[in-house]
Amino acid sequence: MRAFSARERTLAIATIAVLVTWAAVSGLALPLWERLSWLRQRAEGSQEKLARLTTLMDRRGSIERQFQRYGVFFSDQPDERLQSEFLDELEQLAGAGNLQLDLKPRSVQHAGRLSRMTVELNVDGTQADILGFLDALLASPSLMDIERFRLSTTTSAERPVQVSLVVTKAALRQASSK
């Protein structure tokens, strides 16, 4: 085997140096650079999240006051329980005013997280008692709506006024946390 000339040796060393450099860059430096870029992006995302959380913490008092104000409209109870409580509330209001109450519940309607419970009511009593009932009904902290209202007189001396109305109560479901 013949010995390499100085020029061939220099060219071989240069070729080996280029190959070693290429292997080091592609096998070591590029993966490290990609990992560094990924870590920077993750750190920036974490900093943005921390800034949003800090803003929320600064607004904590306001958020708690709003929840206390609107939290009464949220429920995590089943529809049957909500409707039962709604009917009990109507009966309590009618009982406080010495009224005769006829309830006809309808089925619960759903629209996303909103549940709407509708009840047809026929209320017999004196004008003052019925006005007290309606005032208490409208002053309720619940989301209630009177969809239909009809006032008429009866032949009864004890309960001369009859009101027929359809009342709907809305309840918002808690967002499910998964």
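The values are calculated or read from the model by the stated rules, or taken from the named source; none is laboratory data. Quick caveat, the model's predicted, so the values are computed rather than measured. As a convention, Cβ positions derive from the backbone with ideal geometry for all residues, glycine included, and neighbour counts pool all protein chains shown.
Mind checking which strands (runs of 3 or more DSSP E) fall wholly inside region 74-132 and carry at least 2 residues that are farther than 26 Å from residue 156 by Cα and of a type outside the set (A, V, I, L, M)?
So the answer is 109-111, 114-125.
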*Scan region 117-134 and give yes if some residue there is loosely packed, with under 14 Cβ neighbours inside 10 Å, aromatic (Phe, Trp, Tyr) and assigned by TED's automatic domain parsing to the domain that holds residue 86, otherwise no.*
no
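Given the condition under 25 Å from residue 123 (Cα atoms) and among the basic types (Lys, Arg), answer yes or no: does some residue in region 97-106 qualify?
Residues of region 97-106 under 25 Å from residue 123 (Cα atoms): 97-106.
Of the ones still in play, those that are also among the basic types (Lys, Arg) are 104, 106.
Within region 97-106 (the criterion being under 25 Å from residue 123 (Cα atoms) and among the basic types (Lys, Arg)), the answer is yes, since at least one residue qualifies.
In the list 68, 41, which residue meets the criterion of being at pLDDT 85 or above, of a type in the set (S, T, N, Q) and not assigned by TED's automatic domain parsing to the domain that holds residue 157?
41
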